[in-house]
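J.: Pasting a structure here, questions to come.
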Amino acid sequence: MARACVIGWPVAHSRSPLIHRYWLQHYGIDGAYEKEAVRPEDFAGFVGALADHGYVGANVTLPHKEAALRLARTADAAAIAIGAANTLWLDGDGALHASNTDAYGFMTNLDAEAPAWNEGLGAAMVLGAGGAARAILYGLIKATDAKILLANRTWARAKSLAHRFGARVEVIDWETRNAALATCGLLVNTTSLGMTRQAPLDIDLGALPREAVVTDIVYNPLLTPLLVTAAKRGNPTVDGLGMLLHQAVPGFERWFGVRPEVTPALRAHVVASLKPEPA
Ligand SMILES: NC(=O)c1ccc[n+]([C@@H]2O[C@H](COP(=O)([O-])OP(=O)(O)OC[C@H]3O[C@@H](n4cnc5c(N)ncnc54)[C@H](OP(=O)(O)O)[C@@H]3O)[C@@H](O)[C@H]2O)c1
C-alpha cells in the first residue's frame, strides 16, 4: 500500500487530505494520505527518513517549502525558479526529488476557467509578493508575453521578488494600484487579504476594463469581497479553489500511479469543508 502525507507546522488546516483521500477512494486505490505536524527543527530528519516513516512521497506546506527544495537531490525547473518545493517523492534508490506545482495549479485553473485570459492582454497586475506570488509570477511569465505589474504593501519585498524574475516584472507603488488597473486585462490577488477573519483587499476597480479577468488565490471564503465586487461590475472572475485542486494532481500521479481528474464532484467535496470558522 502506497502512503503519502502533507508535512507542515501547523498542518491541521491543510485540505490536501480531503483531496487525495477523495481520489484514492474514487479510483479504488489501496493507498493512504496522512497529515504530519513536523517542527522546523525536525523537518530535515523527518524527510531524511521518509521511507522509514512508510511514505513514498509528500506534500510540503508552510514553513517547510524552502527547506524541502534544499534537501532534495533533484528539483524541477519550477521549484528552482520559485525557490521552494511543495511536492516530494522518493525514487527506487531512495533518492528524494522535488517539484513545485503551485504555478501549474494556478495556470491550469486560469486556462480552464477563463480560457481567453491571454487574448489581447495589455498588462497583468499581481498584488502581493509573498510565497504564493513567487509561483504565480513564474507561471505568468512562462504563459504570456504581457508586462506584469507587481504591487505590494512592502515595496522592498516586491523589488526583491521582481529582481528574481528580471525585466518582465515592473514594480509599482502600492498606492498607485488603482490607477494602474486601466491598462490591465488580468488582476491577481495573492495577498492574504479577503481571507476569513482578515480585512478585505482595499482596491478600487473603477479603472479596470470590464473584460479584464479578476482572480483571487484566497479560497476561503470561495467568493472573496474582491470577486464579489468584480462580478457585480461584469468582470469575468476565477476563484482560488481550482488552483488548490489542480496543484494536487502531479503529486497524486507520482505517488499512486494514476493521473487524477479535477471534477465538479471533487470541487463540491472540498467546498463543503469551507464552512465559516467559529470566531
Ligand atoms: N489557492 C491556492 O492554492 C493557494 C496557494 C497558496 C497560497 N494561497 C493563499 O494565498 C495567500 C497568500 O499566501 P502566501 O503564502 O503568499 O502568504 P505570505 O507569504 O505570508 O504573503 C502575504 C502577502 O499578503 C500581503 N499582506 C498581508 N496583509 C496585508 C495588508 N494588511 N495590506 C496589504 N498587504 C498585505 C503581504 O504584504 P507584505 O509583504 O507587505 O507583508 C504579502 O504580500 C494566503 O491567503 C494563502 O492561503 C492559496
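The values are calculated or read from the model by the stated rules, or taken from the named source; none is laboratory data. Treat the numbers as computed from the prediction; the structure is a model and nothing was measured. In this analysis, Cβ positions are derived from the backbone assuming ideal geometry, glycine residues included, and neighbour counts consider all displayed protein chains. We work out accessible area using only protein heavy atoms, side chains counted, and drop any ligands, DNA or RNA first. Shrake-Rupley method; radii C 1.70, N 1.55, O 1.52, S 1.80 Å.
J.: Only residues in region 146-164 that are closer than 12 Å to MET125 by Cα and open to solvent by less than 80 Å² (accessible area, probe 1.4 Å) count as the first member; pair them with residues that are charged (D, E, K, R) and in a strand (DSSP E or B), Cβ under 8 angstrom, at least 6 apart or cross-chain, and list the lot.
T.: Qualifying pairs under 8 Å: ILE148/GLU170; LEU149/GLU170; LEU150/GLU170.
J.: So, of the residues in region 175-200 that are of a type in the set (Gly, Ala, Ser) and near the ligand (Cβ under 10 Å from one of its atoms), which turns out to be farthest from ASP216 (Cα to Cα)?
T.: Step by step, filter region 175-200, then rank; the result is ALA199.
J.: Just checking, which of ALA79, ALA12 is in contact with a strand residue (DSSP E or B) (Cβ under 8 Å, 6 or more places away or on another chain), aliphatic (A, V, I, L, M) and assigned to a helix (DSSP H, G or I)?
T.: ALA79
J.: Count, please, the residues in region 232-252 that happen to be away from the ligand (no atom under 16 Å from the Cβ), within 22 Å of ILE136 (Cα to Cα) and open to solvent by 50 Å² or more (accessible area, probe 1.4 Å).
T.: Of the residues in that region, 1 qualify.
J.: Looking at region 152-174, which of the residues that are in a strand (DSSP E or B) and closer than 21 Å to ALA81 by Cβ is nearest to the ligand (Cβ to nearest atom)?
T.: Going through the qualifying residues, I end up with VAL171.
J.: Next question. Which pairs do you get when a residue that is closer than 11 Å to ILE217 by Cα, found in region 128-142, comes within reach of a residue that is among the charged types (D, E, K, R) and within 12 Å of the ligand (Cβ to nearest atom), reach meaning Cβ atoms under 7 angstrom, with the pair 6+ apart or on two chains?
T.: Partner pairs satisfying both residue conditions: ALA132/ASP102.
J.: If I filter region 1-34 down to residues being under 19 Å from LEU90 (Cβ atoms) and of a type in the set (D, E, K, R), which single residue comes out as surrounded by the most Cβ atoms within 10 Å (Cβ to Cβ)?
T.: Only one residue fits best here, namely GLU34.
J.: Something else: Would you please name the residue that is nearest to the ligand (Cβ to nearest atom), looking only at residues in region 115-131 that are surrounded by fewer than 23 Cβ atoms within 10 Å (Cβ to Cβ) and within 18 Å of ASP102 (Cα to Cα)?
T.: Among those residues, the one meeting the criterion is GLY130.
J.: Among THR108, THR101, which is the only one that is within 16 Å of the ligand (Cβ to nearest atom), modelled with pLDDT of 95 or more, open to solvent by 20 Å² or more (accessible area, probe 1.4 Å) and within 30 Å of ALA2 (Cα to Cα)?
T.: After applying the criteria, what remains is THR108.
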